[in-house]
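A.B. asks: Sharing a structure below in structure tokens format, with a few things to ask.
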Number of protein chains: 2
Amino acid sequence: MLKDILDNNQNYQPGLSIDCVIFGFHNNQLKVLLIQVENSQKWSLPGGFVPLDQDIDTAAITVLNSRTGVEGVFLRQFAVFGKVMRNHNHFGEEVLKRMEISDEGSKWLTQRFVTIGYYALVDFSKIVPNPTNKHETVEWIDHKEVPELILDHKEILDKALDTLRTELNLMPVGYNLLPEKFTVPELQKLYETILDKKLDRRNFFRKITNIGILTKLDEKKNNVAHKAPNLYSFDKEKYDEVLKNGLNQGW
Amino acid sequence: MLKDILDNNQNYQPGLSIDCVIFGFHNNQLKVLLIQVENSQKWSLPGGFVPLDQDIDTAAITVLNSRTGVEGVFLRQFAVFGKVMRNHNHFGEEVLKRMEISDEGSKWLTQRFVTIGYYALVDFSKIVPNPTNKHETVEWIDHKEVPELILDHKEILDKALDTLRTELNLMPVGYNLLPEKFTVPELQKLYETILDKKLDRRNFFRKITNIGILTKLDEKKNNVAHKAPNLYSFDKEKYDEVLKNGLNQGW
DNA sequence: GTACATTGCGTCATTATAACACATTTGAAT
DNA sequence: ATTCAAATGTGTTATAATGACGCAATGTAC
């Protein structure tokens, strides 16, 4: 995989990569899609290189798909990471030799890579982590239990989460993170998880329903050891409208 | 200048550039710092290439300084632009020949460049546009009267303005955009210009003073053909505090 | 002095927010 | 079957923020 790219490095944007932070929500936990390479301790964000014949936003989709099999998610650019030493010594000489990378390929690979961070919110249940490379494992990992990551991927992940927190104050979140039918308490848990703080149940209910993006369904969640909460779905039309206009006008 | 870089292109990150959108405020107008190259119709944002030995955030400062002489501004990354054809045919063969660019330099220059957009808000009065290249003109231009720009620079400028509008709802703006002493109506004009809409004078006054970032001075503006408005300055400490915590908590 | 434009401060109705109380509903325990 | 525990849906109340105004005060121009 990597070797294929290196052997054809003239088809890729030099010194530029893309890393994706894919958020999902399951069991009231915010999950992140991570990759572990066989025989490696560390994990990494799904990332890759930028084909010369693709716009960077397109390349992000390509990269994510080629590493995880994930399709049809809306990726959003959130930051660029380009410290001089960010990938210094990431590929040691021995590794390059063992992988039988040509000198030219090695030189290409070891230059400073500037990486563009993209993030997406996805419906956990619809995503089947499916590594395209049999030497890799793709897994959903609770964002509170993220293992050691390669390079500056921890920083990238943190920045993505930070961006998400800010966005929460400007626009509704949840459309792609929750299943089609969900309860208000579930949505609240999502907000609480992202913001990392407790919200008052009753005030949250009032505020979120007042926005007008929720449709109350004629159905209740069952199999719960307490009063069954009502199910809701997003009113896509109103949701998009609010997305466009923003939540808090401010001025 | 460009030739120097091309002759030493091995010292620069290939296919990566930085473009800066520098906003100033003067005569109640939002101004943008633009560059015009001699014998060229079009204008451009101050931009340039990324030295291999500089972090991208540092490179942004270098780039801005090397094109305009501007120093000591806080540049903020806001987006990346990387359409496949964004700089296609920007440098025609004849131009490259006329500039006596080597074949290798030409190849380097005509590859697809991904550009990182940075923006800054600066105190108009403190900035002296000062082209380092005598064949270039650096000028403040009213954002409502921006001439035709090269490449996708109009798109970059628009995106910067859009980012600025969003930020206005999250944090106070003005510290670097206004002179040390200013009046509330002046600050309001700034907000109105950025948001491109009228605000109620009295409500704006109440809201902005309630934030607690303004210090009322014992001084009034003079030479105005009406009641003299009071002068204010920013309380840097409180300003920074609000910057950190954000304006609208939202949740 | 008078006219004029604009500022500073105040009012008032409406809406949003935070902090609660309380009754309801469900599965589980006895 | 009755009771319990846990969580939900709705309501209340005090306080704060917002939007739409009224009006007196101030400094220059005439």
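The values are calculated or read from the model by the stated rules, or taken from the named source; none is laboratory data. Computed from a predicted structure; not experimentally measured. Ideal geometry is used to build each Cβ from the backbone, glycine not excepted, and the neighbour counts take in all protein chains shown. Heavy atoms of the whole protein, side chains included, go into the accessibility calculation; ligands, DNA and RNA do not. Shrake-Rupley method; radii C 1.70, N 1.55, O 1.52, S 1.80 Å.
A.B. asks: I'd like the interface area for chains A and B: accessible area of each alone minus the complex, both sides summed, 1.4 Å probe, protein heavy atoms only. What is it in Å² to the nearest 100?
C.D. replies: Interface between A and B: roughly 3000 Å².
A.B. asks: Just subtract the alpha-carbon distance of residue B:134 and residue B:248 from 0.36 nm times their residue separation and send over the number in nm, one decimal.
C.D. replies: The span from residue B:134 to residue B:248 would gain 36.4 nm if fully extended.
A.B. asks: How high is the relative contact order of chain B, given as a whole-number percent (alpha carbon pairs under 8 Å, six or more residues apart)?
C.D. replies: About 22 percent, as a whole number.
A.B. asks: Continuing with this model, one more query. Taking chain B as a Gaussian network, where each spring joins two C-alpha atoms under 10 Å apart, which residue of B:130, B:223, B:27 fluctuates the most?
C.D. replies: B:223
A.B. asks: Hey, what angle do you get for helix A:236-245 against the long axis of chain A, alpha-carbon based, 0 to 90 degrees rounded to 10?
C.D. replies: On a 0 to 90 degree scale, this one is about 70.
A.B. asks: How much of the accessible area of chain A, in percent, comes from carbon and sulfur atoms when a 1.4 Å probe is used?
C.D. replies: Here carbon and sulfur together make up 48 percent of the probe-accessible area.
A.B. asks: Kindly identify region B:1-74 as rounded, prolate or oblate by the Cα gyration tensor criterion: order the square roots of the eigenvalues as a ≥ b ≥ c, call it rounded if a/c is under 1.5, otherwise compare a/b with b/c, prolate if a/b is larger, else oblate.
C.D. replies: Oblate is the answer for region B:1-74, as a/c is 1.5 or above yet b/c matches or exceeds a/b.
A.B. asks: List the distances, in nm and shortest first, from the label point of residue A:181 to the matching label points in every other copy, placing each point 7 Å from Cα along the Cα-to-Cβ direction.
C.D. replies: Those separations, rounded to one decimal, come out as 6.8 nm.
A.B. asks: What is the magnitude of the charge dipole of the protein assembly as shown about its Cα centre, with +1 placed on the Cβ of each Lys and Arg, -1 on the Cβ of each Asp and Glu, and no other charges, expressed in debye to the nearest 20?
C.D. replies: The calculation lands at about 2320 debye.
A.B. asks: Here's another thing I want to ask about it. Please give the Cα centre distance for region B:141-213 versus region B:31-79, rounded to the nearest Å.
C.D. replies: 21
A.B. asks: Tell me the Kirkwood radius of the protein assembly as shown: reciprocal of the mean inverse pair distance over distinct alpha-carbon atoms, in Å.
C.D. replies: For the protein assembly as shown, the Kirkwood estimate is 25.4 Å.
A.B. asks: Here's something else I'd like to know. Probe of 1.4 angstrom, ligands and nucleic acids ignored: what's the accessible area per residue over chain A, in square angstrom?
C.D. replies: Here the residues of chain A average 52 Å² of exposed surface.
A.B. asks: Looking at this model, which pairs from A:144/A:220; A:83/B:197; B:42/B:236; A:144/B:159 are more than 32 angstrom apart at the alpha-carbon?
C.D. replies: Over 32 Å Cα-Cα: A:83/B:197; B:42/B:236; A:144/B:159.
A.B. asks: Still on this model: Over region A:2-168, what number does the Rg to Rh ratio reach, with both radii from the alpha-carbon atoms and Rh per Kirkwood?
C.D. replies: 0.95
A.B. asks: Mind giving me the nanometre distance, one decimal, between the label points for residue A:84 and residue A:142, set 7 Å out from Cα along Cα→Cβ?
C.D. replies: Result for the modelled spin labels: 4.1 nm.
A.B. asks: Antiparallel DSSP bridges in region B:2-168: what percent, to the nearest 5?
C.D. replies: Roughly 70 percent of the DSSP beta bridges within region B:2-168 come out antiparallel.
A.B. asks: Follow-up. Pick from B:137, B:215, B:183: which is most flexible by mean-square fluctuation in a GNM of chain B where alpha carbon atoms under 10 Å apart are linked?
C.D. replies: B:215
A.B. asks: Of all the Cα-Cα pairs you can form in region A:115-251, what percent are over 27 Å apart?
C.D. replies: 30
A.B. asks: Rounded, prolate or oblate: which one fits region A:184-245, using the alpha carbon gyration tensor with axes a ≥ b ≥ c (rounded when a/c is under 1.5, else prolate when a/b beats b/c, else oblate)?
C.D. replies: oblate
A.B. asks: For region A:174-191, just list the computed ³J(HN,Hα) in residue order, Karplus coefficients 6.51, -1.76 and 1.60, θ = phi - 60°, integers in Hz, with x standing in for Gly and Pro.
C.D. replies: x, 3, 9, 8, 10, x, 4, 9, 8, 9, 4, x, 5, 4, 5, 4, 4, 4
A.B. asks: Another one. Can you list the residues in region A:108-149 whose accessible area drops by at least 50 Å² when all protein chains are present, compared with the chain alone? Use a 1.4 Å probe, heavy atoms only.
C.D. replies: Checking the loss per residue gives A:112.
A.B. asks: Given the DSSP H assignment, sum -39500 (n - 2.57) over each helix run of at least 4 residues in chain A and divide by its residue total; what's the result at 222 nm in deg cm²/dmol, nearest 500?
C.D. replies: After summing the helix terms and dividing by the residues of chain A, the value is -9500 deg cm²/dmol.
A.B. asks: Among B:211, B:35, B:156, whose mean-square fluctuation peaks in a Gaussian network model of chain B (Cα, cutoff 10 Å)?
C.D. replies: The residue with the greatest mean-square fluctuation here is B:211.
A.B. asks: Let me ask something else. Assume the label is 7 Å from Cα along Cα to beta carbon: what separations in nm does residue A:107 have to the matching positions in the other copies?
C.D. replies: 1.1
A.B. asks: Any idea what the residue B:209 label distances to the other copies are, label 7 Å down the Cα→Cβ vector, nm, shortest first?
C.D. replies: For residue B:209, the inter-copy label distances come out at 4.0 nm.
A.B. asks: Go through region B:84-92 residue by residue and turn each phi into a ³J(HN,Hα) via Karplus (6.51, -1.76, 1.60, θ = phi - 60°); whole Hz please, and just put x for glycine and proline.
C.D. replies: Residue by residue, region B:84-92 yields 3, 9, 4, 10, 5, 6, 5, 9, x Hz.
A.B. asks: Above 24 Å lies some portion of the pair distances; for region B:72-183, what is it as a whole percent of all C-alpha pairs?
C.D. replies: Taking all Cα-Cα pairs of region B:72-183, the fraction more than 24 Å apart is 43 percent.
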